[in-house]
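Okay, so here's the structure we're looking at.
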Amino acid sequence: MNIEDDFENLKKLVGSNVRIHRLKKALSQKQLSELSGLDANYIGSVERGERNISLKNLYIISINLEVSINLLFLKNL
């Protein structure tokens, strides 16, 4: 694999983990967006692994999901 493929996989992993933790909290994308101050479309694109999310926004999301940011990088939750 190359760096670009690795990065695409990382974006998908982080997005999937955001979705998993959001659903565990029984939040919709809209509710998470309102808590986070981020657009609901932005949340959706993060969850689909389409967005190169900033560390700041990932931190904001982790706070609102009440999970440590490092959990969003783990495989096989």
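The values are calculated or read from the model by the stated rules, or taken from the named source; none is laboratory data. Since the model is a prediction, treat every value here as computed from it, not as a measurement. Reconstructed Cβ throughout: ideal geometry from the backbone, glycine too, with neighbour counts over all protein chains shown.
Within the range 48-77, which residues are modelled with pLDDT under 95 and among the basic types (K, R)? If the condition is that a residue be modelled with pLDDT under 95 and among the basic types (K, R), then R51, K75 are the ones that fit.
Residues checked against (1) surrounded by 14 or more Cβ atoms within 10 Å (Cβ to Cβ); (2) farther than 19 Å from N70 by Cα; (3) free of Cβ contacts under 8 Å to residues at least 40 places away in the same chain; (4) under 11 Å from the mean Cα position of the chain (by Cα):
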position	(1), (2), (3), (4)
K12	yes, no, yes, yes
N17	yes, no, no, yes
S28	no, yes, yes, no
D39	no, yes, yes, no
V46	yes, no, yes, yes
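Identification of helices (runs of 4 or more DSSP H) wholly contained in the chain with 2 or more residues that are in contact with a Gly (Cβ under 9 Å, 6 or more places away or on another chain) and among the hydrophobic types (A, V, I, L, M, F, W, C) yields 3-24.
For the range 61-77, the set of residues classified as surrounded by fewer than 16 Cβ atoms within 10 Å (Cβ to Cβ) and either within 11 Å of the chain's Cα centre (by Cα) or not basic (K, R) (or both) consists of I63, E66, S68, I69, N70, L71, F73, L74, N76, L77, listed by residue number.
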